[in-house]
Amino acid sequence: MELFNQLILAVLPLVPKSIVQKVSARYIAGSTLDDAVAVVRALNGKGAMATVDVLGEFIHSMEEAEANARYSCDVINRLHSEKLDANLSIKLTSLGMGLDDLRCEQHVRTILTTARDAGPMFVRFDMENSPYTSTTIDLYKKLRREFSNVGVVLQAYLKRTANDITGLITDGIAYRLPTNVRLCKGIYREAPEIAYQGREEIQQNYLQLLDQLLTAGAYVGIATHDDVLINGAKTLVKQHELDRSKYEFQMLLGVRDDVRNKIIGEGYRLRVYVPFGADWYAYSIRRLKENPKMDGYIVKAMVGLG
Ligand code: FDA
């Protein structure tokens, strides 16, 4: 990363929120459910499926968790009634994981039940930072015995992920359950003891894990904008002679739309992650940090040219 970009990265927490909001608008559908519905409808019109995420994490009370759970059910019902090709992604900390795991599980059950009655609609547990990895995977393992409309995310930067896949597959065989994983690189800052740090070693691990999942017959959401991984994934699904219904590509709203359109044009299934809501700041910062042109956007916005 260039020096100037690194400098902007360091001062990002000091950049006024209004500027952050302006330069990150492309990553977020808007602040209301109506905004999200409009974006999903437009994506569906372009041949893309969607997964909707209500922005918000790191809550402070179980009242907030309960309100978030209720709202997730509203979102499910609305997506269903609008007949959109969309499902839901949820962050378990926003439902109380880490505060009260038992009540978090109750909230997740309520969401999965609502989603099962709406279609069924699929619900994916996003993966957060490493203190929550085991609890998230364990809850997925437990709930997939009762619900067929649930999946989890695994991160290729974590050194433990190959073992986690083996655990999921073994447990899936024992209980005759399918495994449904979104595989991504991982976005949080993690220690070198537990996470690969280099770009190439993460890429290499990603493709090994994807091969491990596809070999075991798991359904995979191949979540990346990285050409090396997209091309590697295309090669792997060809080698495995996989029907296109057995996997999907996934990308984030506002990132590499040209690549997204190309993948869809080639006939692959692709889902776009559509976040919306008032609590946009943390998500926006994560996205900006990954944007190689972030420094230019911020500076232009600061001097009123953006
Ligand atoms: P990489 O970051 O190398 O990006 C490849 C190229 O894409 C870059 O060179 C750049 O050109 C472009 N690009 C990437 N990000 C950009 C941006 N913000 N703005 C402009 N251009 C950009 N992580 C996690 O820890 N838990 C989760 O649950 C999820 N969920 C999730 C869902 C979906 C659908 C996706 C696509 C990603 C996630 N992630 C995630 C995030 C993921 O872990 C990772 O941080 C990002 O996808 C970026 O990694 P890439 O594989 O795209 O490579």
- Of (1) part of a helix (DSSP H, G or I); (2) in the same structural domain as Asn44 (by TED's automatic domain parsing), Arg271 fails just (1)
- Any chance you could count how many residues in region 217-235 are within 15 Å of the ligand (Cβ to nearest atom) and either open to solvent by 10 Å² or more (accessible area, probe 1.4 Å) or within 14 Å of the chain's Cα centre (by Cα) (or both)? 13
- Single condition Arg26 does not satisfy, out of (1) open to solvent by less than 80 Å² (accessible area, probe 1.4 Å); (2) within 29 Å of Gly198 (Cβ to Cβ): (1)
- Message: Being open to solvent by less than 20 Å² (accessible area, probe 1.4 Å) and in contact (Cβ under 8 Å) with a residue 40 or more places away in the chain is the requirement here; does Leu99 meet it?
- Response: no
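Just one of Leu214, Leu154, Leu139, Leu210 is aliphatic (A, V, I, L, M), away from the ligand (no atom under 16 Å from the Cβ) and either crowded, with 20+ Cβ neighbours inside 10 Å or not in a helix (DSSP H, G or I) (or both); which is it? Even if it seems obvious, please write down each step before you answer.
On the way: Leu154 fails: away from the ligand (no atom under 16 Å from the Cβ); Leu139 fails: away from the ligand (no atom under 16 Å from the Cβ); Leu210 fails: away from the ligand (no atom under 16 Å from the Cβ).
When all the criteria are applied, what remains is Leu214.
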- Select, from Glu128, Glu190, Glu105, the only residue that is open to solvent by less than 40 Å² (accessible area, probe 1.4 Å), within 17 Å of the chain's Cα centre (by Cα) and among the charged types (D, E, K, R). Glu128
- Filtered residues of region 254-277 (kept if closer than 20 Å to Ser89 by Cα, within 14 Å of the ligand (Cβ to nearest atom) and either open to solvent by less than 20 Å² (accessible area, probe 1.4 Å) or touching a Ser or Thr at 6+ places or on another chain (Cβ under 7 Å) (or both)): Gly254, Arg260, Leu270, Arg271, Val272, Tyr273, Val274, Pro275
- Note on the structure: When (1) more than 24 Å from Phe122 (Cβ to Cβ); (2) open to solvent by 50 Å² or more (accessible area, probe 1.4 Å); (3) within 12 Å of the ligand (Cβ to nearest atom) are applied to Lys185, the one that fails is (1)
- Message: Can you find, within region 33-62, the residue that is least open to solvent (accessible area, probe 1.4 Å) among those that are at pLDDT below 95 and farther than 19 Å from Arg124 by Cα?
- Response: Ile59
- Task: Could you check Ala301 against (1) of a type in the set (A, V, I, L, M, F, W, C); (2) part of a helix (DSSP H, G or I); (3) out of contact with any Lys or Arg (no Cβ under 6 Å at 6 or more places or on another chain) and say which number it fails?
- Result: (3)
- Message: Just the residues that are in a helix (DSSP H, G or I) and open to solvent by less than 30 Å² (accessible area, probe 1.4 Å), please, taken from region 278-295.
- Response: Tyr283, Ser284, Ile285, Arg287, Leu288, Met294, Asp295
- Query: Within the set of pairs 6+ apart or on separate chains, which have a first residue in region 1-24 that is assigned by TED's automatic domain parsing to the domain that holds Ala301, a second that is open to solvent by 90 Å² or more (accessible area, probe 1.4 Å), and C-beta atoms under 7 Å apart?
  - Reply: Leu9/Lys289; Ile19/Met302
- Note down all Cβ pairs under 8 Å where the first residue falls in region 49-73 and is on the phi > 0 side of the Ramachandran plot, the second is surrounded by fewer than 17 Cβ atoms within 10 Å (Cβ to Cβ) and part of a helix (DSSP H, G or I), and they're at least six residues apart or on different chains. Phe58/Ala282
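The values are calculated or read from the model by the stated rules, or taken from the named source; none is laboratory data. Nothing here was measured: the structure is a model prediction, and the numbers come from that model. For neighbour counting, all protein chains shown are included, and Cβ atoms are generated from backbone atoms with ideal geometry for every residue, glycine included. Ligands, DNA and RNA are excluded from the accessible area calculation, which covers all protein heavy atoms including side chains. Shrake-Rupley method; radii C 1.70, N 1.55, O 1.52, S 1.80 Å.
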